[in-house]
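Nothing in this text is a laboratory measurement; each read-out follows from the coordinates by a stated rule. In this text, all values refer to a predicted model and were calculated from it rather than measured experimentally. Here the Cβ is made from the backbone with ideal geometry for all residues, glycine too, and neighbour counts use every protein chain on show.
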Amino acid sequence: MGRIRLAACSVLPALVAGVVAAAGTLPISNDWARDAIWDDGLSEVAVYEASRVIYGAPRAYEAVLLTVKEDFDGTKLVKADPPYGERQIVTVLKQNAVREIVTPNYPYRIMTSTFVEREDPTRLVKLTSGSHEWCGNTWKAIRSRDGHTVYNWSSYFDGEADGFQSLELRPGDLLEDQMLLTLRGLEFRPGLTFDVRVLPGMANTHAGRVRLREATILVGDLETVDVPAGSFQAFRVEVVSGVRSTTYWFDSAGTHPLVALESSDGETLELKQIERRAYWRLP
């Protein structure tokens, strides 16, 4: 994991085995999402030193996660500007995950926008993802309305093209891209284990039909994590689905932003800088 240094923290008791969430429930709260910090009119801007495997080799790049509260039009599923009138307004937390990856051939640019309900961050409202490189453009959109979730895509790859799919999402199902937001509300009890269904990540250049996969989420100990931004006390959370696994480290303080990530497919994130600012108002 590059410069990340991990050491178990002595302030917590040893890992408690066998702490399993009750069937049909997720041990995830909205306490972090309801924090007053999201009402300050600013965005959380987190910059990461990152790496992703492309063309068989790891490519270093800089990733940015922009997280902000927005008022959303619950019918049109777009940001709502006042006056609201009679519109149905849903308060969401939006996260834009921006990746710009340079390779020896050409750069890849991918942005994924995830919107979850502030009152229940396990509930996805909308996700969009767009990517482009010198060969072409791909876009994807997942929208949830009135208990129905639909997925649309348009790809430049043969065999993918344009498509539509109804997704049978049940309460408690999560999208992989949603984890960066939703898991900030975990009950960080060492040894906690629970099962979920997960939809694979959309932050890539391909599209097409998808299916939910069974996954297990395991909460580990509080650890000391050294990254470019400094030293953090962070909870280790592992999501395992088949042969694929992703490990997240969430800051134990505040609203639990992501400190580091390591995936079995070779992607890594290490926090470089985090601040709150109105990035849209500055030149």
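Below is a table of values for the structure above.
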{"item": "Shape call, segment 86-165: gyration tensor on alpha carbons, a/c limit 1.5", "result": "oblate"}
{"item": "Net charge, Pro27 excluded, C-beta distance under 11 Å - Lys, Arg +1, Asp, Glu -1", "result": "0"}
{"item": "At R0 = 41 Å, FRET efficiency that the Cβ-Cβ distance of Gln273 and Gln165 yields, to 0.05", "result": "0.60"}
{"item": "Among Ala260, Ala46, Ala229: highest mean-square fluctuation, GNM of the chain, C-alpha pairs under 10 Å", "result": "Ala229"}
{"item": "Most mobile listed residue (Pro58, Pro107, Pro83) in the chain, GNM with C-alpha springs under 10 Å", "result": "Pro83"}
{"item": "Rounded, prolate or oblate (a/c below 1.5 giving rounded, otherwise prolate when a/b exceeds b/c) for the chain by Cα gyration tensor", "result": "rounded"}
{"item": "Three-way shape call for segment 161-283 based on the alpha-carbon gyration tensor, with the a/c threshold at 1.5", "result": "oblate"}
{"item": "Highest-fluctuation residue, Ala33, Ala215, Ala57 considered, GNM on the chain with Cα pairs under 10 Å", "result": "Ala57"}
{"item": "Nonlocal amide H pairs with Val53, under 5 Å, H built at 1.01 Å", "result": "Arg59, Glu267"}
{"item": "Charge dipole (segment 5-281, unit charges on Cβ, about Cα centre) - positive-most of Thr255, Val239, Val125", "result": "Val125"}
{"item": "Residues Glu86, Glu44, Glu119, sorted so that the one with the fewest Cβ neighbours within 10 Å comes first", "result": "Glu86, Glu119, Glu44"}
{"item": "Per-residue [θ]222 nm for the chain (sum of -39500 (n - 2.57) over DSSP H runs n ≥ 4, rounded to 500)", "result": "0 deg cm²/dmol"}
